[in-house]
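Read-outs throughout are calculated quantities, based only on the coordinates presented, and are distinct from any laboratory measurement. Quick caveat: nothing in here was measured; it's all calculated off a predicted structure. A quick note on method: Cβ atoms are made from the backbone with ideal geometry, for glycine too, and the neighbour counts reach across all protein chains shown.
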Amino acid sequence: GTRYNTGTGSTAIADPRAAEESPAKPPTKPPIRPPPSARPYVFDETIMTIRMMDAAKGFGWVRGGGMLGPLGIEKVIPGKQADQLGVKVGFKIVAISRVPVETATEFTAEMSKVKARYEGQETAPVEVTFSVYHDE
């Protein structure tokens with residue numbers, strides 16, 4: 001071990017296990033987070049995932065009503081677009097075409113813009129960004 005002069009005339013030997021044996025600190029409280037509008041685009045408690053979807057077709061999900069709020073995916077209908085693209089229950093919509101959305105009203109407004117942009121066309125491609133909560 002490394003020797004340190006303790007100032008008492010004796011020499012102490014540093015024990016690398018000493019740090020491991022110190023009493024455990026109590027868990028710290030998570031920091032108070034700013035409201036969603038003030039948060040950066042990438043959240044520390046989430047992983048983001050993007051899916052290119054077709055707004056001209058039904059998405060095949062049921063959203064809202066649960067802990068994740070109005071933009072949380074509560075149900076994915078087997079075989080439909082969301083299911084085929086790997087959207088899962090628990091995902092939360094956070095942006096449409098890279099425009100952040102926090103409410104059902106904002107989601108609907110952005111989707112209306114996408115549909116208007118592709119009016120009369122067979123498909124209406126839209127980039128949907130989801131946050132994926134993980135429990136690590």
> So what's the net charge close to PRO70: Lys and Arg +1, Asp and Glu -1, counting the other residues with Cβ under 12 Å from its Cβ?
Replying inline: -1
> Measuring from a point 7 Å past the Cα of ALA56 along Cα-to-C-beta, which residues in region 104-127 have an amide N at less than 20 Å?
Replying inline: 110-127
> Rounded if a/c is under 1.5, else prolate if a/b is larger than b/c, else oblate: which is region 86-130, with a ≥ b ≥ c the root eigenvalues of its Cα gyration tensor?
Replying inline: oblate
> Give me the log10 of I(q) over I(0) for region 45-133 at q = 0.11, 0.19 Å⁻¹, as the Debye formula computes it from C-alpha points; what are the numbers?
Replying inline: -0.27, -0.83
> From the backbone phi of region 92-106, what are the Karplus-calculated ³J(HN,Hα) couplings (6.51 cos²θ - 1.76 cosθ + 1.60, θ = phi - 60°) in whole Hz, Gly and Pro given as x?
Replying inline: 10, 5, 10, 7, 10, 6, 6, 9, x, 10, 10, 10, 4, 5, 5
